[in-house]
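A.B. asks: Before we start, here is the structure in question, set down as structure tokens.
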Amino acid sequence: MPQGLVFAMQYAPQPYVRVAVGRMSLNPKGLDSIIASLQQGSHSVRVQKDGYFVDGHKAVYVEGTDPEGPFRDVFIEKDGYLYWIGFSAERPDLWPQYTGTFDIILDGFRFI
């Protein structure tokens, strides 16, 4: 993603945790096509389109498992852009602990 940033956290050599933040131009089919793509490449996907907010903005929450392991993505439409905050980790057995970290990151996320 041209306008993206990835934060990687590692405790030698595993676990390896990634948080990515990106921004792309919003087009009419953008989010729907992204969700469809995630659903095709994943074993299971849960999409929540209502009742989820990041920094006071309505967000779409997607969580699932693909061949690389579990992931969580959050999408926010704001000012003509689609913002993506993604989270993945290499240790599925520690996923419940990792999601707590992601929740803390989302709670502190602010648009400036």
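A.B. asks: From the set of residues in region 53-63 that are surrounded by 15 or more Cβ atoms within 10 Å (Cβ to Cβ) and not hydrophobic (A, V, I, L, M, F, W, C), which is nearest to residue 17 (Cα to Cα)?
C.D. replies: Of the residues in region 53-63, the ones surrounded by 15 or more Cβ atoms within 10 Å (Cβ to Cβ) are 54-55, 59-63.
When the remaining residues are screened for being not hydrophobic (A, V, I, L, M, F, W, C), the result is 55, 61, 63.
Values: 55: 23, 61: 19, 63: 15 Å.
Across region 53-63, the extreme among qualifying residues is 63.
A.B. asks: Here's another thing I want to ask about it. Of the residues 64, 51, which is touching a Lys or Arg at 6+ places or on another chain (Cβ under 7 Å) and more than 19 Å from residue 4 (Cβ to Cβ)? Let's see the steps before the verdict.
C.D. replies: On the way: 51 fails: touching a Lys or Arg at 6+ places or on another chain (Cβ under 7 Å).
Answer to the selection: 64.
A.B. asks: Could you grab me the full set of residues in region 61-80 that are over 22 Å from residue 96 (Cβ atoms) and at pLDDT 90 or above? Give the derivation first.
C.D. replies: At the first step, the residues of region 61-80 found to be over 22 Å from residue 96 (Cβ atoms) are 75-80.
75, 76, 77, 78, 79, listed by residue number.
A.B. asks: Among the listed residues 66, 50, 79, which satisfies the condition of being on the phi > 0 side of the Ramachandran plot and surrounded by fewer than 17 Cβ atoms within 10 Å (Cβ to Cβ)? Walk me through how you get there before you give the answer.
C.D. replies: Numbers: 66 fails: on the phi > 0 side of the Ramachandran plot; 50 fails: on the phi > 0 side of the Ramachandran plot.
None of the others qualify; the one that does is 79.
A.B. asks: Quick test for you: out of 103, 79, 93, pick the one residue that is of a type outside the set (Phe, Trp, Tyr) and within 23 Å of residue 30 (Cα to Cα). Give the derivation first.
C.D. replies: Values: 103 fails: within 23 Å of residue 30 (Cα to Cα); 93 fails: within 23 Å of residue 30 (Cα to Cα).
Just one listed residue meets the conditions, 79.
A.B. asks: Scanning region 1-47 for residues that are of a type in the set (Lys, Arg) and modelled with pLDDT of 80 or more, which turns out surrounded by the fewest Cβ atoms within 10 Å (Cβ to Cβ)?
C.D. replies: As a first pass, look at region 1-47 and keep what is of a type in the set (Lys, Arg): 18, 23, 29, 46.
Still in the running and modelled with pLDDT of 80 or more: 18, 23, 46.
Numbers: 18: 15, 23: 17, 46: 10.
Only one residue fits best here, namely 46.
The values are calculated or read from the model by the stated rules, or taken from the named source; none is laboratory data. Source: prediction; values computed, not measured. Cβ: placed from backbone, ideal geometry, glycine included. Neighbour counts: every protein chain shown.
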